[in-house]
Amino acid sequence: MNFVGRYIVTDPSICHGKPTFRGTRIFVKDVLEQVACGMAWESILEDWHGSITKEAITEAVQNHLRF
């Protein structure tokens, strides 16, 4: 398992190595798409039933902006 950040990991044995939130099978790209569509972060958290946090979303957005 490779840690991309505190909340984001890549692991070839989980979701074909695509970035996911640690401890989940939630693709980072899926959450970033929700953010890009203007979805409220509270709604995103509800969509994923509390499996991710605001801090995890923040990390995903910050990483995305760096690349």
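With respect to the conditions (1) polar (S, T, N, Q); (2) loosely packed, with under 13 Cβ neighbours inside 10 Å; (3) assigned to a strand (DSSP E or B), T10 falls short on a single one, namely (2). Does G50 fit the bill of being part of a loop (DSSP other than H, G, I, E, B), surrounded by fewer than 16 Cβ atoms within 10 Å (Cβ to Cβ) and either at pLDDT below 95 or touching a Pro at 6+ places or on another chain (Cβ under 7 Å) (or both)? Yes; evaluated as a whole, the condition is true for this residue. How many residues does the stretch 17-47 contain that are assigned to a helix (DSSP H, G or I) and not small (G, A, S)? Going through the stretch 17-47 one residue at a time, the tally reaches 14.
Please pick out the residue among R6, R66, R25 that is at pLDDT below 95 and charged (D, E, K, R).
It is R66.
Looking across the stretch 52-63, the residues that are of a type outside the set (A, V, I, L, M) and either in contact with a Lys or Arg (Cβ under 9 Å, 6 or more places away or on another chain) or without any contact (Cβ under 8 Å) to a residue 12 or more places away in the chain (or both) come down to E55, T58, E59, Q62.
Which of the residues that make up the stretch 20-44 are touching a helix residue (DSSP H, G or I) at 6+ places or on another chain (Cβ under 7 Å) and either in contact (Cβ under 8 Å) with a residue 40 or more places away in the chain or aliphatic (A, V, I, L, M) (or both)? Explain how you work it out, then say what you get.
Filtering the stretch 20-44 for residues touching a helix residue (DSSP H, G or I) at 6+ places or on another chain (Cβ under 7 Å) gives 20-21, 25, 27-28, 31-32, 34-35, 41, 44.
Result: V28, V31, L32, V35, I44.
The values are calculated or read from the model by the stated rules, or taken from the named source; none is laboratory data. These numbers come from a predicted model, not from an experiment. Cβ atoms come from the backbone with ideal geometry, glycine included; neighbour counts cover every protein chain shown.
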